[in-house]
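Step one of this worksheet: look at the structure below.
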Amino acid sequence: MNGFDQLLGGFLTVLTPENLLLALLGCVLGMLVGVLPGFGPAAATSLLLPITFTLGPTAAIIVLAAILYGSAYGGTITAVLLNVPGETSSVATTLDGYKMARQGRGGQALAIAAIGSFVGGVVGLLGFVLAVPLSNLALAFQPPEFFALTIFGVALVAGLGGKSIVKALISGGLGLIVGLIGIDFITGAPRFTFGQVELLDGLNLVPIVMGLFGISELFTSIERHATTPAPITVTSIWPTRDDFRRSVLPIARGSVIGFFMGLLPGSPGAATSFTSYVVERRLSKHPEEFGKGAIEGVAGPETANNSLSISGMIPLFTLGIPTSATMAIMMGAFTVNGLIPGPLLFTQHPDVAWAIIASMFVGNVILLVLNLPLARVWVAFLRIPYPLLYGFVLAIMLVGAYTIEGSAFNVAVMLVAGLIGYGLRKVDIPLAPIALTIVLAPLMEQSLRTALTISRGDPGIFFHSPLSTILLVGSVTAIAAFAIRGVLRSRCASAPSAVDVLEARAERKLPWHEE
Amino acid sequence: MSTEPDPRATGSFATIPVRGTTYFRASAAVAVLIATISVYIVVTGVGYGIWDGTRPGPGFFPICVGGVMTLLSTIWAVQSFTERGAREDDSSIPDRRGALHILFSVGIVVAFIVLVDVIGFVISFAVCAFGLFWFVAARRWWVAVVLAIITAAAVNALFRLALNVPLPVSPIPLLAEWGI
């Protein structure tokens, strides 16, 4: 049976009233949380993760995938109507999307973004189906290759995830430290448990990511008193024929750009959408319109963004390696539901794996249907005073953390992780590498120790196979390249790039600060 | 309310050394803290055993991680002294009300941790929700009470009744009979 036959089977599993309802629920919840400025997919997914615990593996992942898309599109709505990107990957959308909204064309910008996201998602899915055979390649991996792969993943994530390679690597190291806690899997000796029974099994990923991304985001959002600006009203939403004509090629190019960049560990969402934006401006017949409301500036980046969110799952599904914080959270959801993402997923639970892939397509259709007519509803949500929303969200997070294992311990873990995350944000340490390395730590340690056991302590084993050699050399090269880039950047600090300026705006979450 | 423009947003980057700023002090403190934790991990890892006959012992990986982290945090600490950046000092420090809200929120979460197994989930949740709505959201006390009761009832219905998640009940028999 080839991939497309299995995908058809996945559709048969997903297209039940119950699963469709769950996908719809996930999209709605994701959009509701996604329109909260600052709440990108990672924070939204971690916040809503606990509601999936009792649903069963297939249903849980269907809901989470839908939450992921919904929250990503929620960020687009705020980018267009409030000039506030929900996350850095939506920053490029503010450039022309907000200008279109001020010209009374916000509805068209949202519609093209929705259509582009749908096309990007479908292209990403087709690539996903074609990439599934890669999982067979991963089955041939031995401990040295797995170790080299984890090192490569950490190197790229650290390099792409932050402005300082040292800080990004420190962030990754903190995740590895958290991963050390618990019983040693070979000898059974407790490590760094301080005599606490709760620590013997290690720390649960879910409350940690809820704290790192959710709590720290909440604290950041209320640290200064400010008001939410009123969103621009949406009138007509249907794009003109000229809008469609001008968007076709940017959407096509954005799909390809997003797909290939999503395969890179680090899933550089902002870099992807800006790459698409720059490409469109360069290829445009009227580049002078960019920054003043060019629809190509919305179509390309939004398409690339969604294509990337799908292709970013390919390394997780085929190799078991998450490429972003959001994927690490998804991996946590897999684990909670007794699934191990990676090559074995397609041999041990093919029904679940293909159902999830099919659900991504269904989720994209639901989003397309929901986005256009309901844009006004999502925006109305922003009229609720933020402190009230803050109270609701924090209260819901208390419940979520408690219900993970029915224990107040996880609430404490969430709080501590939130405070640490808040502190790390203040000193510009990126948080995504922590989530990734917490997930990767067991695989990294196990493969390292197993390989050294096989070789009786000879580290040369990591260079016996061409693949592990390439990955390790690539890791060192990547870290060196990122370090050099960092040095060059710091020497040019007086001349900020457009990306720097826009990211600065995104980081400041303008709705809580008057412009 | 903060009305100061972000220097990066306005394009007016100043290449000032960050030394002497709160940002520098915080960075240096975090770097030293991480270095200390890393050294502790290395020392503890040695105690767990580096090598066990023909294979790496339980302390092998912690020593590797702790060693690398010690090196990285030392580099960061050194970089902090030489860093030149475009950061306005204290631009991201909470104002007084923000700090109070954060501290109150932390207190609310701690209160929940302490109360949940003592007085049951629903009541402790309602108390904490009331605190958040009353103090952080600045609602009138009776509005906060109503919102807290509605939120607690909705959460109870969703998790206990719809999702069948077991939640601790109150030790008060009457309330326990009602499942709250």
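Throughout, read-outs are computed from the coordinates displayed, never taken from laboratory work. These figures come from a predicted structure and were not determined experimentally. So basically every Cβ, Gly included, is an ideal-geometry build from the backbone, and we count neighbours across all protein chains shown.
If you rank A:I112, B:I180 by fewest surrounding Cβ atoms within 10 Å, what's the result?
Going from least to most buried by this count: B:I180, A:I112.
Mind giving me the nanometre distance, one decimal, between the label points for A:V197 and A:V487, set 7 Å out from Cα along Cα→Cβ?
5.4
For segment B:94-105, take each phi angle, set θ = phi - 60°, evaluate the Karplus expression 6.51 cos²θ - 1.76 cosθ + 1.60, and give the result in whole Hz per residue in order, putting x for glycine and proline.
Per-residue couplings from phi come out as x, 6, 4, 5, x, 4, 4, 4, 5, 4, 5, 4 Hz.
Suppose a student asked you for the relative contact order of chain A, using Cα pairs under 8 Å spaced at least 6 residues apart; what percent would you report?
Averaging sequence separation for qualifying contacts and normalising by length gives 29 percent for chain A.
When the Debye formula is applied to the Cα atoms of the protein assembly as shown, each taken as the same point scatterer, what base-10 log of I(q)/I(0) results at q = 0.08 Å⁻¹?
Debye output, listed in q order: -0.60.
Label-point separation (nm) for B:L161 and A:F4, each offset 7 Å from Cα along Cα-to-Cβ?
According to this spin-label approximation, the distance is 4.8 nm.
Order the peptides A:55-68, A:459-472, A:417-430 from the highest to the lowest mean number of other Cβ atoms within 10 Å of their residues.
Final packing ranking: A:55-68, A:417-430, A:459-472.
Please rank A:I165, B:I123, fewest neighbouring Cβ atoms within 10 Å first, as an exposure proxy.
Exposure proxy ranking, most exposed first: B:I123, A:I165.
Under 5 Å between amide H atoms, partner at least 5 residues away or on a different chain: which partners does A:R191 have, H built in plane at 1.01 Å?
Close amide H contacts, sequence-distant or interchain: A:G182, A:I183, A:D184.
Modelled label-to-label distance, A:V476 and A:F260, 7 Å Cα→beta-carbon offset: nm?
Simple spin-label model gives 2.8 nm for this pair.
Once phi is turned into θ = phi - 60°, what whole-Hz ³J(HN,Hα) does the Karplus curve with 6.51, -1.76 and 1.60 give for every residue of segment A:189-199, x standing for Gly and Pro?
Karplus-based 3J(HN,Hα) across segment A:189-199 equals 6, x, 10, 6, 9, 6, x, 8, 4, 4, 8 Hz.
Per-residue HN-Hα couplings for segment A:144-158, Karplus 6.51 cos²θ - 1.76 cosθ + 1.60 at θ = phi - 60°, whole Hz, x for Gly and Pro?
Computed from phi, the couplings for segment A:144-158 are x, 5, 5, 4, 4, 5, 5, 5, 4, x, 5, 4, 6, 4, 5 Hz.
In what sequence, highest mean first, do A:172-178, A:184-190 appear when ranked by Cβ atoms within 10 angstrom?
A:172-178, A:184-190
Within 10 Å of each Cβ of A:321-332, how many other protein chain Cβ atoms are there on average?
Mean number of neighbouring Cβ atoms from other chains: 0.
Would you work out if segment A:1-94 is rounded, prolate or oblate? Take a ≥ b ≥ c from the square roots of the eigenvalues of the alpha-carbon gyration tensor; rounded if a/c is under 1.5, else prolate when a/b is larger than b/c, oblate otherwise.
Taking the square roots of the gyration eigenvalues as a ≥ b ≥ c, segment A:1-94 is prolate.
For chain A, what does -39500 (n - 2.57) per DSSP helix run (n ≥ 4), summed and divided by total residues, give at 222 nm, in deg cm²/dmol to the nearest 500?
-23000 deg cm²/dmol
Evaluate E = 1/(1 + (r/R0)^6) for B:F104 and B:V39, where r is the Cβ-Cβ distance and R0 equals 35 Å; express this FRET efficiency to the nearest 0.05.
0.50
Averaged over its residues, how many other protein chain Cβ atoms are within 10 Å of peptide A:165-177's Cβ atoms?
6
Normalising by the residue count of segment A:257-341, find the relative contact order in percent from Cα pairs under 8 Å and 6+ residues apart.
36
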